[in-house]
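Scroll down for the structure; my scribbles are underneath it.
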Amino acid sequence: MKASITFDRLRWEEKALADAASSTGLDASLVDAKAMVFQVSKGHRELGDIVLQRCISHYRSLMVTRAIEGAGVRVVNRLSVAEVCSNKLATSIALSRAGIPTPRTMVAMSSEAVESAAGQLGFPLVMKPFSGSWGRMVSVVRDMETLQALVEYKEELANPLEHMYYLQEYVKRPPRDIRVIVAGDRLVASVHRYAPDGEWRTNVARGGTSKAFKPDSELKEMVHKASEAVGGGILGVDAMESSEGYVIHEVNNTIEFKGAQSAVSTSIPEQLMRYVASCARR
Ligand SMILES: Nc1ncnc2c1ncn2[C@@H]1O[C@H](COP(=O)(O)OP(=O)(O)O)[C@@H](O)[C@H]1O
Ligand SMILES: [Mg+2]
């Protein structure tokens with residue numbers, strides 16, 4: 001079976017996925033999405049039986065997924081999943097509607113409404129961009145003065161998305177969080193991520209370090225529910241240990257796994273490609 005792995009930046013992960021493909025019976029080619037041209041109404045069979053979509057760019061990844069799915073070729077992850085996971089509000093809604101414990105979250109539709117939302121949440125709180133990863137622009141806001149300063153800066157930005165505000169309660173947790181990688185029903189790897197010195201965010205992209213651990217049955221069940229809540233596929237489920245138990249704050253769509261791989265013995269790329277192959281066979 002033939003597969004394509006679309007990318008816009010070739011990272012360690014894409015190479016590892018391509019290398020792992022043959023052991024799962026897939027003949028996979030790396031395809032630079034920046035060179036792709038789609039003709040609407042054409043089948044684009046040259047992409048093979050299935051595409052693993054790995055673009056980093058928010059808009060390009062959604063556009064490429066839409067174009068491939070529109071051409072009738074199966075994509076991992078599906079467009080509907082990419083859409084939910086690439087928008088933190090959509091993810092929070094999906095988690096909450098599925099009854100999964102998730103941090104209290106508020107969205108203010110303008111700078112006029114943001115102080116009232118913050119007042120309801122209380123300080124400290126966390127402000128996040130609607131889209132993004134690697135912990136970028138995710139900020140702890142400790143008081144109203146800091147909030148006002150951040151809002152003033154954001155109001156000067158040209159992107160209208162910056163003029164609406166995603167605020168979340170600050171979860172009191174140990175200096176680590178949890179990343180569980182899933183592929184369909186299979187739990188591929190579970191790690192604790194520890195923030196580096198002088199940093200509160202645990203993202204590996206910010207220097208966070210990963211350590212393997214065995215999730216208990218409660219967490220496993222929550223992770224499966226979270227994966228289902230966004231539509232399933234290859235996902236990175238992020239959780240925190242709050243004083244009231246686990247909360248899931250994010251489900252990631254196009255995951256990096258170099259950090260997790262450094263902590264576990266199972267081959268993550270092989271497990272992920274095994275899932276892609278099983279989707280192609282279906
Ligand atoms: N509500 C919160 N309370 C405490 N820490 C948080 C909260 N939300 C996020 N963090 C920390 O910030 C990091 C980045 O936030 P996250 O929502 O996962 O955004 P990103 O998509 O950029 O990874 C998390 O991995 C976690 O360490
Ligand atoms: Mg995250």
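None of the figures in this text is laboratory data; all of them are computed from the coordinates on show. Computed from a predicted structure; not experimentally measured. When we count neighbours, we look across all protein chains shown, and the Cβ atoms used for this are built from the backbone with ideal geometry, even at glycine.
A few comments on the model shown:
- With a Förster radius of 25 Å applied to the C-beta separation of Arg60 and Ser111, the computed FRET efficiency comes to 0.25.
- Contour excess over end-to-end distance, with Cα ends at Met1 and Glu244 and 0.36 nm allotted per residue: 82.8 nm
- One chain, two ends: Lys258 and Glu228. Fully extended at 0.36 nm per residue, the span grows by 8.4 nm beyond their Cα-Cα distance.
- Here the residues Ser96, Ser217, ranked from fewest to most Cβ neighbours within 10 Å of their Cβ, fall in the order Ser217, Ser96.
- Where labels lie 7 Å past Cα in the beta-carbon direction, separation of Ala35 and Ser22 in nm: 2.1 nm
- For the stretch 105-169, taking the reciprocal of the average inverse distance between every pair of different Cα atoms yields a Kirkwood hydrodynamic radius of 11.6 Å.
- Near-label residues of the stretch 100-117 by backbone N, under 19 Å of a point 7 Å along Cα→Cβ of Gln148: 110-117
- Between Ala212 and Asp185, the simple spin-label model (points 7 angstrom out along Cα→Cβ) gives 2.4 nm.
- Pair-distance profile P(r), taking every C-alpha pair of the stretch 43-168, with 10 angstrom steps and integer %: 12, 35, 28, 17, 7, 1
- Alpha-carbon centroids, the stretch 121-159 and the stretch 223-282: separation in whole Å: 27 Å
- The gain in end-to-end length when the Arg136 to Asn159 segment is fully stretched comes to 6.7 nm, 0.36 nm per residue minus the alpha carbon separation.
- Cα Rg over Rh - the stretch 173-267, Kirkwood: 0.93
- Note on Phe7, Phe38: ascending count of other Cβ atoms within 10 Å places them as Phe38, Phe7, the fewest first.
- Alpha-carbon gyration tensor eigenvalues x 5, square-rooted, for the stretch 2-84, Å: 19, 15, 12
- Square roots of five times the Cα gyration tensor eigenvalues for the chain, Å: 33, 23, 16
- Antiparallel DSSP beta bridges within the chain, percent to nearest 5: 75 percent
- Residues Arg78, Arg11 arranged by fewest to most Cβ contacts within 10 Å: Arg11, Arg78
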